[in-house]
Amino acid sequence: MSKKKDAAPEHRSGFACFVGRPNAGKSTLTNALIGSKVAITSSRPQTTRHAIRGILHRPDAQLIVIDTPGLHKPRTLLGRRLNDIVRETWAEVDVIGFCVPADAPVGRGDEFIVNELRTVAKRTPVLGIVTKTDVSPPEQIAERLTEVSALMDFAEVVPCSAVDGFQVGLVADLLVQRLPEGPPLYPDGELTDEPEGTLVAELIREAALEGVRDELPHSLAVLVEEMVPHEGRKDMLDVHAILYVERSSQKGIIIGKGGARLKEVGTAARRQIEALLGTKVFLELHVKVAKDWQRDPKQLRKLGF
């Protein structure tokens with residue numbers, strides 16, 4: 001019998017990241033690949049603020065997908081720090097997926113990112129991924145694929161939809177093919193290495209972002225102060241969190257008339273947190289003003305940036 005037949009099937013493990021302008025579908029694709037919600041999603045641009053790691057376990061591979069904030073022209077210190085997270089991440093991964101939504105034309109934001117990716121592509125393979133094919137007619141998808149292919153010499157260009165699952169498996173295969181051979185890096189069954197407190201804060205922020213005006217998303221931060229067992233109940237966790245905004249008017253938007261809006265946020269967030277942690281949750285939310293926190297290094301540190 002030849003040596004080749006005796007050899008165990010190769011196992012690959014390594015890191016991939018998705019990059020793209022804000023609202024390009026990176027977080028939704030991350031969740032679809034992992035098969036579980038590890039990154040928050042919203043129709044609001046610049047929702048993602050951390051490099052969240054999701055872990056895909058397969059018999060032949062372990063793919064660690066890092067969802068990054070959207071690369072953009074920063075207007076604040078927070079914006080500059082988010083861009084730094086993106087650049088630090090793609091410098092360390094084995095393969096990069098550059099995401100462009102099928103329902104919007106390629107623009108200057110995409111060209112800005114590609115200009116940086118050309119240098120990275122000399123040492124790291126870059127896939128062009130056209131996302132959101134579920135909301136685009138075939139001719140629009142074809143147009144986008146042509147535009148993306150013309151941007152740079154990608155290792156592959158592939159359309160997909162994280163919502164209906166179209167070619168999500170193919171995206172995973174193309175990423176895995178470019179990982180180095182090696183044993184798993186995380187225990188089987190682990191879906192993310194993010195601390196629970198970070199994920200809980202993100203779920204609260206996601207709930208608070210739904211249905212608010214355009215200027216608020218960038219001004220909103222969430223800090224989980226404590227997560228402790230509920231007194232007298234083993235099946236319940238107490239979660240105390242503060243939602244920070246930059247101005248008093250924004251505080252009013254979050255709280256709503258008679259506290260109605262904050263109550264809705266708490267109900268929606270609690271459902272998601274209970275699903276994440278697998279336990280009942282008593283969630284207490286407070287809203288505070290931290291004036292111009294996006295521009296203040298001291299306040300950014302306090303809020304984890």
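The values are calculated or read from the model by the stated rules, or taken from the named source; none is laboratory data. None of these values were measured; they are calculated from a predicted model. No Cβ is skipped: glycine too gets one built from the backbone with ideal geometry, and neighbour counts run over all protein chains shown.
Just one of (1) under 22 Å from residue 31 (Cβ atoms); (2) touching a residue at least 40 places away in the same chain (Cβ under 8 Å) fails for residue 274. It is (2).
With the structure loaded, tell me whether residue 162 is in contact with a helix residue (DSSP H, G or I) (Cβ under 8 Å, 6 or more places away or on another chain), modelled with pLDDT under 90 and not hydroxyl-bearing (Ser, Thr, Tyr) or whether it fails that test. Don't jump to the end; show me each part of the working.
Numbers: in contact with a helix residue (DSSP H, G or I) (Cβ under 8 Å, 6 or more places away or on another chain): yes; modelled with pLDDT under 90: no; not hydroxyl-bearing (Ser, Thr, Tyr): yes.
Against the criterion (in contact with a helix residue (DSSP H, G or I) (Cβ under 8 Å, 6 or more places away or on another chain), modelled with pLDDT under 90 and not hydroxyl-bearing (Ser, Thr, Tyr)), residue 162 does not qualify.
Only one entry of 232, 259, 278, 304 meets the criterion of being surrounded by fewer than 18 Cβ atoms within 10 Å (Cβ to Cβ) and under 22 Å from residue 22 (Cα atoms), and that entry is 304.
Yes/no matrix, rows are residues, columns are (1) within 17 Å of residue 26 (Cα to Cα); (2) buried (at least 17 other Cβ atoms within 10 Å of the Cβ); (3) in contact with a helix residue (DSSP H, G or I) (Cβ under 9 Å, 6 or more places away or on another chain); (4) outside the structural domain of residue 172 (by TED's automatic domain parsing):
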| residue | (1), (2), (3), (4) |
| --- | --- |
| 102 | yes, yes, yes, no |
| 114 | yes, yes, yes, no |
| 126 | yes, yes, yes, no |
| 133 | yes, yes, yes, no |
| 143 | no, no, no, no |
| 146 | no, no, no, no |
| 149 | no, no, no, no |
| 155 | no, no, yes, no |
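For region 277-290, the tally of residues that are touching a residue at least 12 places away in the same chain (Cβ under 8 Å), under 22 Å from residue 232 (Cα atoms) and not β-branched (Val, Ile, Thr) stands at 6.
Looking at 260, 241, 269, 207 in this structure, which one is touching a strand residue (DSSP E or B) at 6+ places or on another chain (Cβ under 7 Å), part of a helix (DSSP H, G or I) and outside the structural domain of residue 31 (by TED's automatic domain parsing)? Step through it out loud before you land on a result.
Values: 260 fails: touching a strand residue (DSSP E or B) at 6+ places or on another chain (Cβ under 7 Å); 241 fails: part of a helix (DSSP H, G or I); 207 fails: touching a strand residue (DSSP E or B) at 6+ places or on another chain (Cβ under 7 Å).
After ruling out the rest, the residue left standing is 269.
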